[in-house]
Amino acid sequence: MDAQLVSELTGIRSITSEQDAEKCLQCIPKELVPWDFLWSLETKDRVVAYKFCLLLWSITKDTKTPQVPRKLQLKAALSVYQHRSTLVVAGTNSGKTLVVILLVLLQQPGSITVMLSPFKRLQETMSVIISELSQSMKIHQGDPDWWKSHVFNRKTKSLGAVDILVTTVEQCFRSDSGHLSQMGQLLRLPSFQQKVCYQVVDEIHEAFFSGTPLYGAHAFRPKWGCIDELRRLSSTVPVLGLTASCPGHIMASINKAMGTPTYFHLQSALNRQNITYAFHCVVGGLHVPENFRCLVSPTFCDPAKHMRILIFCDNKQLTWTVRNALESFLPDEWKGKGVVLHYHSFMSQAYLTQAHKAFTTEGGLCRFLVATSGESTGVDFPDVDIVVNAGLPPSRKDKLQRAGRLVRREGKQGIFLILYEPWVNEVDLSEYENEWIIDPDRPRKKLATHASQRDRAPYSIVAALQKRECERKSDAKYLSDEHETAFIFTAKECCDAPEHGSSFNLQEYLPRKIYTQEEYDRDHPPPTKKPRGKGKYREKPQREVLISKLKHWRRSEHIANPFRAVYPEWRILHDKDVERVARLRPIDMLSVDDLYKCLCHEPSNDWKEAWGTKLFSLISDFDCSQSPPLISHPTSKKRKRKESDTQNDVPSPSAPRLITRIPVPPTAVTTEASRPCPMPRPRPMPRPNPKPLPKSFLEPNKENFDPFQV
Ligand SMILES: [Zn+2]
């Protein structure tokens, strides 16, 4: 930041009289200033609000989009500035982040703001937004050395140059192994606590959705359920909670997270008026590639001219399936060039950053991003034209978050489309009358570890779909949004509900013809009757090729293993398992879990990390290279099994990474020059324990061996 701007900001901060502030305000175009609101304030508050306007204008006046805070942002910032804990409930793209920036711009010298963020991706987004507005604000992103030297000096008890720390919740608490990070230690240091002027909790609804045990399952990110502990550490500091989803049934969790029952509640209109909502029942199931054909233009020739489409999936295997399906509909010259990318939490950070950039930047090549929920919260996509949810979203809150990624530029319109499978229409709504009746996102019954998609289907979505209710009305009811603009839409159509008439035609929103039942029946004729027993296993010629490949892979891995002298080859994969794995049909191995189930013994976590993903990738690549395509529609029994592989996929820094499927795209780019975005790299495989091994390990009893206990 140049010296002139620094002195300008210092000058604004030192203003004390209303006249001086009004004089300075003359440099801002009158139509940008919310005068009605400013004049409704008392003089003392008005001067502070003037300063907020002037500070923001000063740091943005030379950018593409000079800004002045809006009424809601000023209201929220003033409330926290007056030392009141405040909950801001405002729709996606409403500028909640700007409230934090205003507060930091006017915070006392020698003080610091601490902000809790749910996702690392969001942490990065915040970093970029704030850095763009002010170079003086630096963000902690987890680098301990930088942090140690810049944030707080324990000896002199003084702060560094940092004005705001953005951290994930997990970084503030002890890890499962009992380690307390530097951030956690610092937050518990009384000399640091005295320097904290504001606490901000972004996406505060996660205290319920991630931090609370729900429907018989454990809390997905239990640390979110403990953030009231942080509040107690700095109980006199005002907290600012930010959310776009605050339905009544989660208020108890939000109250606990805010740590005070007397906070100021500020709610704006939550309706995104430029979005059209639609449902579409896919043919055969989500695994049928042709169901995604409608998203790829038949005349695709230039990525820059194609719509930008974001597809959400709730399990990693489905991201892979959808990515392959979309890729198959591209012209040959664009296959494997990075036009379609997939994105989930177990991929390398370098790949995720590149994929995100390729999709979101102006000249980025990626036009289709197939992602899990990590891309749904707080991430700013400037002009996504279509957001698709492949399957039912886990909750209406997730639906709203995902739809919120759509066209965020004024004057543009977009469609949010839920692709669902036929079984949704068969679900009996009376089964939802259970113990969680006040929770609109409740499932039909307690969730087991491998609960199927059908078991997880939330009432709020299933009921709206079956009753064909207006989606905008369902959202308003869910969010208790009584704002006068809750049902208004500027998009061409509101949604596909019959109450808006019968003219809605989904095809008009999509670049290609929707796959029909007739086409499906033509492409998938009923199987001719097979002799008893045939077809249960992979065909023999194919099986033999795969066995050879598996043995070759095992040999290569063993040679590359520095501990091969004490780590026999059969510990990587026993001959019995080679046979078993090769026998399994592709349709029976849709996830790494299917692979583990097929093995002779339950594999250890070490084995899974070392070999599970590699082995699964090898088999997937083999299947992809076979002709005809091996993705065919499963029988109802197998479909049931496939459904059971679906689980929530919010990245959890504290969660152990047991299943590490690292996809290796079959259409890898061959030259560095032609590669627009690096493909995911396998993580380094953990080495076997180099410590002295027990005698039984070195001389295994082959009668009772356990090949997975490394
Ligand atoms: Zn509607």
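Data overview
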item	result
Interchain or long-range residues, amide H under 5 Å from Cys495's placed H	Tyr277
Packing-based ranking, highest mean first, of 357-367, 52-62 given that Cβ atoms within 10 Å are counted	52-62, 357-367
Exposure proxy order (Cβ contacts within 10 Å, fewest to most) of Tyr351, Tyr459	Tyr351, Tyr459
For the range 277-286, 3J(HN,Hα) per residue [Karplus equation, 6.51 cos²θ - 1.76 cosθ + 1.60, θ = phi - 60°, Hz, x = Gly/Pro]	10, 8, 10, 8, 7, 6, 9, x, x, 5
Contact order normalised by residue count of the range 204-278, Cα under 8 Å, 6+ apart, percent	33
Normalised contact order of the range 323-367, rounded percent, pairs of Cα under 8 Å and 6 or more residues apart	33
Projected label distance in nm at Ser175 and Leu5, using a 7 Å step from Cα toward the beta-carbon	3.7
Residues of the range 274-291 with amide N under 16 Å of a point placed 7 Å along Cα→Cβ from Leu506	276-291
For the range 489-498, 3J(HN,Hα) per residue [Karplus equation, 6.51 cos²θ - 1.76 cosθ + 1.60, θ = phi - 60°, Hz, x = Gly/Pro]	9, 9, 5, 4, 9, 6, 7, 8, 5, x
Pairs beyond 30 Å (Cα-Cα), from Lys335/Lys357; Lys256/Lys397; Lys61/Lys477; Lys223/Lys467	Lys61/Lys477; Lys223/Lys467
FRET efficiency for Glu362 and Asp36, using Cβ-Cβ distance with R0 set to 41 Å, rounded to 0.05	0.70
Virtual spin-label span in nm between Leu266 and Lys44, 7 Å along Cα→Cβ	1.8
FRET efficiency estimate (nearest 0.05) - Cβ-Cβ, His218 to Glu426, R0 22 angstrom	0.15
Mean separation of Cα contacts under 8 Å, 6 or more apart, over the residue count of the range 1-127: relative contact order %	21
Placed amide H near Ile418: partners under 5 Å, 5+ positions off or other chain	Ala278, Phe279, His280, Asn389
Point-charge dipole on Cβ atoms (K/R +1, D/E -1) for the range 457-573, about Cα centre, debye to 20	1680
Pair Thr516, Ala350: separation of 7 Å Cα→Cβ label points (nm)	4.9
³J(HN,Hα), Karplus 6.51/-1.76/1.60, whole Hz, each residue of the range 174-190, x for Gly, Pro	5, 6, 4, 8, x, 7, 10, 5, 4, 4, x, 5, 5, 4, 8, 8, x
For His342, residues with placed amide H under 5 Å, excluding near neighbours	Val370
Order of Tyr596, Tyr277 - criterion: other Cβ atoms within 10 Å of each residue's Cβ, fewest first	Tyr596, Tyr277
Sorted by Cβ density within 10 Å, fewest first, the residues Lys540, Lys71	Lys540, Lys71
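Only the coordinates and a few stated rules stand behind these numbers; no lab work does. Keep in mind the model is a prediction, meaning the values are calculated, not measured. As a convention, Cβ positions derive from the backbone with ideal geometry for all residues, glycine included, and neighbour counts pool all protein chains shown.
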